[in-house]
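Encoded as structure tokens, the structure appears first; notes follow it.
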Amino acid sequence: MANVNREILTLDEFTIREMRAFPQATGELASLLRDIGLAAKRVNVEVNKAGLVDILGDTGEINVQGEEVKKMDEYANNQLTGVLRHGISCAGIASEELDDFVVFEDEISKNSKYVCMYDPLDGSSNIDVNVSIGTIFSVYRRKTERGTCVTQEDFLQAGSRQVAAGYIIYGSSTILVYATKRGVNGFTLDPAIGEFCLSHPDIKCPPDGKIYSVNHGNFFGYSTQVKKYIDLCQHKEKSNGGPYTQRYIGSMVSDVHRNLLKGGIFMYPGTIDKPQGKLRLLYECNPFAFIVERAGGTATDGKMRILEKEPQTLHERTPFFIGSKNMMQELEQYLKETIKG
Ligand code: AHM
Ligand code: MG
């Protein structure tokens, strides 16, 4: 008979245990996380088949480039929206894929406590070259009364008000990481039983690291002080832990996941042409800022803490700097010079 390791907790078992520590908890958050886990398993199956789609593309039957990638984005979005719509915990969603937020109008949803925001498939342009991509999500308690339809104010909340945030990375294995105020935990999908199993308990981001992640192609568009910081990363004295190693996959979930575990800094600064950079505050930056801060790191837009930014629109972008505490402190000293100058 196969050995069954009962030390290993599944995602459901873990969230239910966590919930029991709070007698007032209703179980709605655990149920919402289970819904997201289910959508992630479905997306995982399709992402793993993407290579096969390429074979079909070679025969000329399907135009894979662009088209299929887009379909995968839509698929991931539909899966997430579908499970949350049919679940019992979510009153509405906003997605990077959709122009506007979606109100779930049935009675159960209207009486639910949470709203959810997500980037269903971040880095999806990497699918056709087999690079890891991810789903990013964030959960807020709604501001409007239960029993009513959610409105824009439920979505335009500062990141510090997140109840939970997480990501799924579809990589050499599929891992779901989520954070609540109690900490950050990672679960690896065991394909044999189709369950996420606790594999990375109580993740802490090392305060120091040796990795910096940035798009060097944009170098000449960065501010003088960002350029100076990158220069520092390359010219650090050996006695001072340097030079740092540059690692940039171009898939934020992969880049930040690696830096979270190994220590490092990830940057997507503004440029002359795009002062707000590329990344979206609500779907990408806030969830990662929440996760990394819970793990002991920090995240800023270069001037203020990401989690304190009051969003004005659903799809707004922001410059983004995130990572190990001491590396971020070093960066911030350089950025302060920018503000002065
Ligand atoms: P997407 O939401 O269109 O997939 O773009 C977000 C991705 C991030 O995962 C990644 O960090 C960034 O875009 C890379 O952008 P660039 O190629 O400009 O460096
Ligand atoms: Mg994205």
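By the scheme Lys and Arg +1, Asp and Glu -1, what is the net charge of all other residues having a beta-carbon under 15 Å from that of S324?
Residues near S324 contribute +3 overall.
Quick one: dipole size for segment 195-270, taken about the Cα centre, charges +1 on Lys/Arg Cβ and -1 on Asp/Glu Cβ, in debye to the nearest 20.
Here the size comes out at about 260 debye.
Mind checking which aspartates and glutamates have their Cα closer than 18 Å to the Cα of K325? Skip sequence neighbours fewer than 8 apart in that chain.
D202, D208, D255, E293, D301, E308
How much FRET efficiency would the formula 1/(1 + (r/R0)^6) give for K262 and S173, where r is the Cβ-Cβ distance and R0 is 25 Å, rounded to 0.05?
Taking R0 as 25 Å, the efficiency between K262 and S173 is 0.90.
Using the structure shown, select from K236/K278; K228/K336; K41/K113; K113/K143; K143/K303 the pairs with a Cα to Cα distance greater than 18 angstrom.
Checking Cα-Cα distances, K236/K278; K41/K113; K143/K303 exceed 18 Å.
Dividing the alpha-carbon radius of gyration of segment 211-340 by 2.2 N^0.38 Å (N being the number of residues), what value is obtained?
So the Cα radius of gyration is 0.98 times the expected 2.2 N^0.38 Å.
Take the solvent-accessible surface of the protein heavy atoms, probe 1.4 Å, and return the percent of it on segment 259-302 that carbon and sulfur atoms account for.
Solvent-exposed carbon and sulfur of segment 259-302 make up 49 percent of the total.
R0 = 35 Å: FRET efficiency of S125 with M304, Cβ-based, nearest 0.05?
Step by step, r from the Cβ atoms, then E = 0.70.
Would you tally the net charge around G209, using a Cβ to Cβ cut-off of less than 15 Å, leaving G209 out, and scoring K and R as +1, D and E as -1?
With Lys, Arg at +1 and Asp, Glu at -1, the neighbours total +4.
Rounded to the nearest whole Å², what accessible area per residue is found for the chain with the 1.4 Å probe?
47
Probe radius 1.4 Å, ligands and nucleic acids ignored: give me the carbon and sulfur share of the accessible area of segment 133-200 as a rounded percent.
46
Report relative contact order for the chain in percent, whole number only (criteria: Cα-Cα under 8 Å, sequence separation at least 6).
Relative CO of the chain lands at 15 percent.
Kirkwood hydrodynamic radius for the chain: how many Å is it when counted over pairs of different Cα atoms?
Here the Kirkwood hydrodynamic radius works out to 20.8 Å.
Farthest toward the dipole's positive end in segment 121-201, which of Q157, T135, I168, given Cβ charges of +1 (Lys, Arg) and -1 (Asp, Glu) about the Cα centre?
Positive-most Cα among the choices belongs to Q157.
Put a dot 7 Å past each Cα toward the Cβ at Q234 and D100; how far apart are the dots in nm?
Result: 4.8 nm between the two label points.
Using r as the Cβ-Cβ distance of C197 and V45, and R0 as 22 Å, what FRET efficiency do you calculate, to the nearest 0.05?
0.80
The values are calculated or read from the model by the stated rules, or taken from the named source; none is laboratory data. None of these values were measured; they are calculated from a predicted model. Neighbour counts run over all protein chains shown; Cβ positions are idealised from the backbone, glycine included. Calculation scope for accessible area: heavy atoms of the full protein, side chains included, ligands and nucleic acids excluded. Shrake-Rupley method; radii C 1.70, N 1.55, O 1.52, S 1.80 Å.
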